[in-house]
Amino acid sequence: MLREPINLSAQQGLNFVQRELPTLSNYFQFDVPAQSGLSIEPALPEVIAIFEGSLNQLGAKVQCRYGQRMVTLGVTSQAETFVYREGDAMRSRNLPFERASLRRILDAGFTGPSTAGEYLLRGQNSILSFSPAIFRSCKKNGRFPSAAGSSMSPAASNG
């Protein structure tokens, strides 16, 4: 039972209004409709992909950066939602974008994730056919992988 007021930060308050208030309205009647005054749109996060391995086994870890928050695909719960400010706009986590990014790795033959969020691709032929596609994508978008990994822009996940 609630014994004292709960103070929320501005971000927590917006998250509550966006996610919880619509559900609570099924059980409670509010005198004034909730109006946040702001439109909250899904963000287009920066995608960070790190590839490490050899011709026998290639590991991939894919993360999405939303402002200051990092989401590791396959590890961070999809139930974990948040709202943050990006310039003058309010943004939220973009689950459809994350699922599409993850689908790209799985469609290439990677399996996983491990508890650390690493996906594995095994076998020389699979790795050799996967590698040129990544390099073409990075070249198209002006970003190339380093020895330890790569950072792909959101556009890199589109093709």
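Here, each number is a calculation from the coordinates, and none is a lab measurement. Fair warning: this is a prediction, and the values are worked out from it, not measured in the lab. Note that we place each Cβ from the backbone using ideal geometry, even for glycine, and neighbour counts take in every protein chain shown.
Extent of region 60-124 along each principal axis, from alpha carbon coordinates, in Å, largest to smallest?
Principal-axis extents of the Cα atoms in region 60-124, largest first: 48, 20, 18 Å.
Starting from the Cα of Leu95, step 7 Å along the direction of its Cβ; do the same at Thr115; then give the gap between the two resulting points in nm.
In this crude spin-label approximation the distance works out to 2.5 nm.
Rounded to a whole number, what is D in µm²/s for region 38-87 from Stokes-Einstein with the Kirkwood radius over alpha-carbon pairs (25 °C, 0.890 mPa s)?
191
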